[in-house]
Each structure stands twice: as structure tokens, then as C-alpha cells.
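Accompanying notes for the structure given below.
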């Protein structure tokens, strides 16, 4: 392994830094440049220079050196930014990018372009600050020989490596003590080798938690750190002149604790006990803490990753979980005393795997703000179009939801918002007459509840009109009665083609929509609830699972087959007694549960499972609810509850009736996840098909006759 | 010069040669383009799918991917359909999908020259000649060259949902 192995890391980092730099350059406010942003730009240039010097990318190093000096003048307010200067900086950034690409392709960068950009920068310096910029060191020397000139470059308090003591002694060699904290043996060898290239290693000693190397070198501390940072975290590294060794161990414990709090993963628990000799002093540590914070603010704290990559990781973690539970099953048969170590290891693995899974899942989560932020504009436009006064309030913008769901929620939610604005909130005059403020209020809120997210669209408008809904339903031929509960009446608006709007506007009212909203939401594994009070407003609540990738499931057994029920659909399970089962119209059966009669669906009948228990009172009835429909599902046995990784069946196969997806069980076999609402439809369709054909045609003609006269 | 042109000829014919994986269904020998084959594995742990055609045996877990398993013997109306240690699943990649097909055994990989591939005659009630890319003749053997792409994506296999909506 040699230094070229780190080229790629450098290229990637440099690319990110350049992208960052560009972003800051574009964002910067010329009137009042933000000091933090100027610093960020400077730091980006500085970091690239450090890396370029280390790896011997001379042209890149020299260009960034000039650039960095200019930027330094900028951030110290000696050079006032103007649009054309920013343009020049952007051009320089592009040039750096070209140079980087050249090095990446193992070519020498364009010398003419390099000369040109140097001249441009020099000229800028002459004109604006009246001084030549220092050229970076000798052409032949590469990293090491150019380093001594570096300390002459002014240091800034925010600069990561700008420690106040004598480390930056401009010239000549000095002995530095480089302490490596918690660096594994493999990396340590590499680092020592690396140090050997920067100077003469005089002495090395220590253990894993703190390994100290004495180095006679002319390279500045900055540069050493820049080299090392490609291998280890900055917190793992402490460099100081070897002379002031005596006054170090004042507060080592304190310091190392701080180091831990900065970067918990970098420090092992051992650190606080053994790093007594860890060479660091308190003030420096504090300085670093400050810099770290500043860094997080100024530099990019996020990366863009394609969803495919994230999904791949999620899949792999899913596999890991499955493998882990497979192992778990095997190991659980072992003797707890003899194989205690293994069992402990397994439970640790289980915990780690779960944590990993949670962490990975959280990568996919985005804040609801992503969705809500598109409504202020829409509401404003619509309100002026409808000549209504509307105030939009959003709550719970930081509630997180799976990215794939946020994208799919936008359309239905937009529809609900438009509906509320158009039909819900009244005209200002009407509102005033009803004693309400002229300005209507539309609230969008999101909150977590268990494994679900509740998204609500609340308006303080007129509310739904029960009588009109019923009248409209009768008109469109739906079977309704006056005794229906409010809930049932509100559900009517989800019927296809149903609209109560008095006139069709171009905002809404054509009656296509609410059924689509409902279908979309159900497609995401959620449901819609409506609460409304006349004159006070309507609340539409969307309940969605947080993620589609993992499901809390209840595994059930029917015959020899295992199925998964989504736990969110399961209300209760019970052993039905014969007295509570009533036959109805031949082959239909209903189950009486606490004064409620529920239709019964036998899984074995709907899914043709052989060898299932057919005696009704031997089975177990699971009361389930899906799409507002409640029924009893007959199964042979309940196995247990478990989280399952949802696998799409449609990737390689097709939609299966009564089944929403599949998952992989602990033993590696596939189990199907049942779709409660679809299963009910399937069971009805099956019974329909089994009925003697003549009877059904008779029914049909009978119905037709009845309908004709009306 | 002649050697050169010979060489070119050889390379050209080489390019037209195609490799096939030969498998047996009962007594009959079939072959599919080897490039479609992802892997070959045993028949085990298949989860039945309700209300699917009889020849779709179900789905199985292929390292975390849910893969449908089709039994070509049932599809081609073979008399004897048994599952044993010799029963093999050929996992193929077709139209961005992964599908496993159950066969009685895999015999070998054959290279066929264009001359050895004869057009398939018009026949077939159970196996339409649309799904054949030809017949391979090898001395005394005849290989039925199946166009596995067309077969598995066809309507009658009911593997792929038609985007009708």
C-alpha cells in the first residue's frame, strides 16, 4: 500500500470542496459578505492545497496557493468583493477543477492555462491590494520543499490548525511529536511510513490508544495534519513540538473526554483510562472544538446520494437482518451454558443489526417541510383566484417521512388543499355574516403516532353538509339511509364521481378526485379519515405508515403455510365459539363479537390452502380492518409478531390478488403479506364464482326488472 | 494472405456461433441462449401463490430477491412431473426480471453454428413456434431452441402484467 491509494479519496474530497466553494461563491452577498462564508471558501482552497502538496500535484498546489492568498486577503477585508472578482474566483475554481480532472486521468494539467490563471490572479492582487502574491515554493521540490514557505501565509483564528504556539516556525527543521490516538495497527504502520516520507522518524513508541512518533522534519504541522487526515480523523491526531513535553499531562483526562464528546465513534471507551500520556493541552482542544463547530456551519454537512444507492444499502441491511435471524434460530438450540459466549455475541449482533437498520432507514427519511413548502404559493394563488382571504398555517414541518412516500403524498394532499380552499372555506362576506373572521384559516399539520404519520388538512370553513351529501348520494344511485352515521356519510365523498359542488369550477368540483385521493393513499398502505362539523370546518386526516420498507407483521399459519398480516390492520383475535357463529344465506357466515356481526373470511378458502382446519370453532378468528371494512379472518394458528422487510412481488412477478407483498422469514423461505381489503374482495369474488351460474343470472334479471320502471 | 483471410473467416463464423444451455424435460431436449442464464440451483423452498396458473409453482428467495418459479414441464403438458434431488431450477434474466424455470435436468453447454440451427416448422398447439428460435441438429440429437424471452413475457405465461391501464 502506498500513497497513491489515497489519490481517489483526495480527488473525491477535492471535488466536494470545489462544489462547496462554488456554492458559497454563488450565494455570497456582495454588499455584506458573510464572514463565515468567506472562511468556508478559504478553507476549501486551503484543504485542496494541502492535499495537492502532499500528493505532489504541483500545478494544482501552486494555483490553489495563489488563490488561497487572495482569498485570505478577502476574508480579512483587504480585498472588497465585486461581481467581476467573484467571476474571476469562479473561473479559478473551474480551472482547479480542470486541473483535478487532469491529475485524475494521470495527465499533466494544461501549462498555458495554468500560467494564464496565475497571471490573472497576480494582476487582480496588484490592482486591488497593491502587492504581488507570493509564489508557492520551488518548482522541483513538490510537497516537502514547498512546505516551508507556507507558514508565511497569514493565519486566522478560525483556521483549523492555527494554534498559537511555536509550531509554525517558518523555516528549518524541528522535532515534532505526533500522537496517534486509537489508531489500529494497520493504519498506524501506514501513517508512520507516511511520516517517514515527510522527515526523519527519530523515535516511536506507545500502544493502540496512544502511539507517539517523534519526527525531525521541516514540514509544518499543518501539512502533516493534512496528510494524515486522509487516513484518520483529525481528533485522532495530536501534533506538537517535542520540546514542551513536560507541561503536557496537566489535564489529559479532561482533554480526552472532550475529544470523545466531539467524535464519539473515534474514541474507544479505553481512551479515557489510558490516554494519560495523550499529548494535548486543554486550550488547544478548546480551540479545536470551536473550529469543528464553525466547520459544520460553513462547510457542507450533507451529501447527495442517489436513491438507488440508498435502496441498495437498505436491501443489503435487510439481508443482514434476515441472515441474523436465521443464525439466531440455529443458535437458540444451543446450550446456554456451554456456548454462552456465542449466545452473547449473537444478542450483540442482533442489537447492532437493528441499530444499523434503523440508522439506514433514517437516511431515507425527509422532513415534511419538503412537502409543505410547496403550498404557500399554491394557497396564495388560489386564494386570489377565488377571491377569498386565507391564512396558511403549517405545523410539524420537521416530522420525518420516507422519501418515496413524500413524493407520492404531494398529489393527494394538493387535491385536499384545493378542495378545502374551494368548498371548505367560505367567501369573506359569508364568513363575516356567520360571525367568523373574514380570513379563513387552513392548517397543514404532520405528526408521528406510533409507527404512523398523521397528516391533517384542517379548515375552519363551512364543514360538510350531511343532508346535501345524502341527497346527492340518492341522486347518483348510491344506497344510503338517513340513519347512517356521520362517518359513513363523510365516506360518501370518496365514491367515484361524487361531487356536491353546486357548480363546477376550474379549481375543483368535477367529482373526479376524492376517489383518486383515497386510492392513492390506500396504495401507500394508509387510509383517510374525515371529521367535520357544520359551520366549524372540516379536518381530513391521512394516516400513513412511516415507511414502506419495513412492516410490523403478525405471522399466522393456515394449513402448512405461513402468512403475514400487517399488524396495523389487526384489531384483536379470539377463539370463536359455535354459538357466536351464524350462517347466513347458505354459505356465508357471520361472527358475533360484542353485539356486532362481522362477515367471516376463511383464509384457506380465499387462498386455496390445503390441509387447513375447517371446523369453524377450532380456528382462530382475527378481527381485521381494512379500508374501513371490518371482518373476521379465520386462521389455524397465530405464530407471533415480528418486523418484516417488505419485498415487492411485482419486481419479478406480478400483482397477486389478496396479497400486497412478500417477505423472507427467518428460515429463508418466502411468506406472503396479506392485503386485508383485497382479500375480502377476493373472497367475495370467489364465492360469487362458486355459486351456480343459473342462480346468479336469475338475480341479474331480477334486478334489471326492478330497475327498469324507475 | 490466405491465412489472414482464413483467420478472418474463422472469426466471423465464430461470432455467429451461439452458445446454448441444454436441458431436458422428460425425454425431450431443449436449449436456451446461455447469455440469459444467471445461475442454476436446486428446487427447494418454494412458497405457493394462490390463484395462480398451475405451472407457476410459486416464489422463492434468491438471496433476498423474490423470484417466481415456473415449471416448464407442466406448461408443456408433460406426463411425468416429479420433484426430486435431480430437479433443477434454471434462473434466467428476461426483460429485466429474474425468473426460475424448473426442468428435469441440465446436461451441457453447446456451441451451435448457424448451419446447425434449422428453422422451426409451423406446428405446436402447446408450444407455439413463435416461442422457438429454431431447432438445433446435432448428429443424432435434436434440440428445441426456446426463445425464453418471448416465452416468459408472453401473455399466456401470466408472469408479466400487461400495462393496460
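The values are calculated or read from the model by the stated rules, or taken from the named source; none is laboratory data. What you are looking at is a predicted structure, and each value in this text was computed from that prediction instead of being measured. Note that each Cβ is placed from the backbone with ideal geometry, even for glycine, and that neighbours are counted across all protein chains shown.
Listed conditions (1) touching a residue at least 24 places away in the same chain (Cβ under 8 Å); (2) more than 25 Å from residue A:647 (Cβ to Cβ) are all met by residue B:159, apart from (2).
Just a yes or no: is a residue in the stretch A:557-564 within 14 Å of chain B (Cβ to nearest Cβ), closer than 30 Å to residue A:446 by Cα and in contact (Cβ under 8 Å) with a residue 12 or more places away in the chain? Yes, because at least one residue in the stretch A:557-564 is within 14 Å of chain B (Cβ to nearest Cβ), closer than 30 Å to residue A:446 by Cα and in contact (Cβ under 8 Å) with a residue 12 or more places away in the chain. With respect to the conditions (1) within 17 Å of residue A:127 (Cβ to Cβ); (2) outside any helix (DSSP H, G or I), residue A:88 falls short on a single one, namely (2).
Taking the criterion of being assigned to a strand (DSSP E or B), over 22 Å from residue B:19 (Cα atoms) and within 14 Å of another protein chain (Cβ to nearest Cβ), would at least one residue in the stretch B:134-157 satisfy it? For the stretch B:134-157, residues assigned to a strand (DSSP E or B), over 22 Å from residue B:19 (Cα atoms) and within 14 Å of another protein chain (Cβ to nearest Cβ): absent. Mind checking which residues of the stretch A:637-672 are in contact (Cβ under 8 Å) with a residue 40 or more places away in the chain, surrounded by fewer than 20 Cβ atoms within 10 Å (Cβ to Cβ) and more than 7 Å from chain B (Cβ to nearest Cβ)? A:637, A:638, A:639, A:640, A:641, A:642, A:643, A:666, A:667 - these are the residues of the stretch A:637-672 that are in contact (Cβ under 8 Å) with a residue 40 or more places away in the chain, surrounded by fewer than 20 Cβ atoms within 10 Å (Cβ to Cβ) and more than 7 Å from chain B (Cβ to nearest Cβ).
Considered as a group, the residues in the stretch A:335-372 that are in a loop (DSSP other than H, G, I, E, B) and in contact (Cβ under 8 Å) with a residue 24 or more places away in the chain include one that is surrounded by the most Cβ atoms within 10 Å (Cβ to Cβ), and that residue is A:368. Apart from one condition, residue A:509 fits all of (1) at pLDDT below 85; (2) surrounded by fewer than 17 Cβ atoms within 10 Å (Cβ to Cβ); (3) under 22 Å from residue A:443 (Cα atoms); the exception is (2). Yes or no: the stretch A:358-376 includes at least one residue that is more than 30 Å from residue A:642 (Cβ to Cβ) and more than 20 Å from the chain's Cα centre (by Cα). There is at least one residue in the stretch A:358-376 that is more than 30 Å from residue A:642 (Cβ to Cβ) and more than 20 Å from the chain's Cα centre (by Cα). All conditions but one from (1) away from chain A (no Cβ under 14 Å); (2) closer than 30 Å to residue A:315 by Cα apply to residue B:109; the one that does not is (2).
Here residue B:97 clears all of (1) over 18 Å from residue B:37 (Cα atoms); (2) at pLDDT 80 or above except the condition numbered (1). Inclusion of residue A:612 among residues that are within 14 Å of chain B (Cβ to nearest Cβ), part of a loop (DSSP other than H, G, I, E, B) and either at pLDDT below 85 or out of contact with any helix residue (DSSP H, G or I) (no Cβ under 9 Å at 6 or more places or on another chain) (or both) is warranted. Name the residue that is farthest from the other protein chains (Cβ to nearest Cβ), counting only residues in the stretch A:574-595 that are touching a strand residue (DSSP E or B) at 6+ places or on another chain (Cβ under 8 Å) and closer than 17 Å to residue A:680 by Cβ. Residue satisfying both the conditions and the ranking: A:593.
Of all residues in the stretch A:615-626, those being surrounded by fewer than 17 Cβ atoms within 10 Å (Cβ to Cβ) and part of a loop (DSSP other than H, G, I, E, B) number 1. The number of residues in the stretch B:59-82 that are facing chain A (nearest Cβ under 8 Å) and either surrounded by 16 or more Cβ atoms within 10 Å (Cβ to Cβ) or out of contact with any helix residue (DSSP H, G or I) (no Cβ under 8 Å at 6 or more places or on another chain) (or both) comes to 8. What is the residue count in the stretch A:103-118 for residues that are assigned to a helix (DSSP H, G or I) and touching a residue at least 24 places away in the same chain (Cβ under 8 Å)? Looking only at that region, the number is 6. Screening residue A:629 with (1) surrounded by fewer than 15 Cβ atoms within 10 Å (Cβ to Cβ); (2) more than 10 Å from chain B (Cβ to nearest Cβ); (3) more than 24 Å from residue A:521 (Cβ to Cβ) gives one miss only, at (3). Can you name every residue in the stretch B:38-58 that is in contact with a helix residue (DSSP H, G or I) (Cβ under 9 Å, 6 or more places away or on another chain) and under 30 Å from residue B:142 (Cα atoms)? Within the stretch B:38-58, B:53, B:54, B:55, B:56, B:57 qualify.
In the stretch A:183-206, which residue that is more than 24 Å from residue A:52 (Cα to Cα) and modelled with pLDDT of 70 or more is nearest to the chain's Cα centre (by Cα)? This residue is A:206. Do you know which residues across the stretch A:426-457 are in a loop (DSSP other than H, G, I, E, B), out of contact with any helix residue (DSSP H, G or I) (no Cβ under 8 Å at 6 or more places or on another chain) and in contact (Cβ under 8 Å) with a residue 60 or more places away in the chain? A:434 - this is the single residue of the stretch A:426-457 that is in a loop (DSSP other than H, G, I, E, B), out of contact with any helix residue (DSSP H, G or I) (no Cβ under 8 Å at 6 or more places or on another chain) and in contact (Cβ under 8 Å) with a residue 60 or more places away in the chain.
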